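Below: the structure, in structure tokens.
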Amino acid sequence: MLMLPRLSAAASGLWVVIYWGTVIIKAVRLSRKIGKDPNVLPREKTGRSLRLLWTPAIIAWCILPWVSAIRGFPPVWYLRALWPMTSATQWISVAAALLGLLALVLTFMCWRQMGRSWRIGIDPGEKTELVILGAYRIVRHPIYALSIILMATTFVTAPTVLLLVTAVIHITLITLEALREEQYLRQVHGAPYAAYCGRTGRFIPRVVKTPLRNLA
């Protein structure tokens, strides 16, 4: 039973490495198709500034689950588990690892639906096709929503102070990035995007549709 937390942390670590490894591969492949990188380095100042904080957080996200998997939860304050590893919490970590795998699989589906419109940052001088089908009929940012879930499940499997700080940084920045993208897409696509926002929620499905007149 004591091995379950380590196995769960290792599984989560694997999902995260696959996730970001795929992002790198996709960026390289798409750059060859469109003749430019898909805004890995954003074309605007704010996006580049956010990368200075986001990049170390992503690197920490990739490493910290493996620290817990290999070393367990040593008594160092920033690496020990934030809650006792009881029988219940160990099985919760297993469930979290499985939920993380589901989030990873669904992310692959969303990436496929984005096609050539997939980007990592904002280029104010670029206009890509507005994708509103598949998962995008339900929420405006399914990839970001799934990334939040993947981060949360990683933290549950490796509940340390360092990973909690990493999670707060990542979720805060991804929420800010979603807001910035929406502002950019409103400028680029105008009324069609405003109507789309009225039908869909940002990260979770919208229960009540927002009238178009309230979207200005």
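The values are calculated or read from the model by the stated rules, or taken from the named source; none is laboratory data. Just so we're clear, the structure is a prediction, and the values are computed from it rather than from any experiment. In this analysis, Cβ positions are derived from the backbone assuming ideal geometry, glycine residues included, and neighbour counts consider all displayed protein chains.
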| Is there any pair with a first residue in region 22-42 that is touching a residue at least 12 places away in the same chain (Cβ under 8 Å) and a second that is among the acidic types (Asp, Glu) and surrounded by 15 or more Cβ atoms within 10 Å (Cβ to Cβ) whose Cβ atoms are under 6 Å apart and which are 6 or more apart or on different chains, and what are they? | 39/123
| Going by the conditions given, is residue 149 modelled with pLDDT of 95 or more and touching a Cys at 6+ places or on another chain (Cβ under 7 Å)? | no
| field | Exclusive hit being part of a helix (DSSP H, G or I), more than 17 Å from the chain's Cα centre (by Cα), of a type in the set (A, V, I, L, M, F, W, C) and surrounded by fewer than 16 Cβ atoms within 10 Å (Cβ to Cβ), set 95, 10 | value | 95
| request: Report yes if some residue within region 21-42 is part of a helix (DSSP H, G or I), of a type in the set (A, V, I, L, M) and within 14 Å of residue 61 (Cβ to Cβ); otherwise report no. | output: yes
| remark: Here the qualifying pairs (Cβ atoms under 6 Å; residues six or more apart or on different chains; first in region 61-82 and without any contact (Cβ under 8 Å) to a residue 40 or more places away in the chain and closer than 10 Å to residue 160 by Cα; second in a loop (DSSP other than H, G, I, E, B) and basic (Lys, Arg)) come out as none
| Would you call residue 131 without any contact (Cβ under 8 Å) to a residue 24 or more places away in the chain and under 30 Å from residue 194 (Cα atoms)? | yes
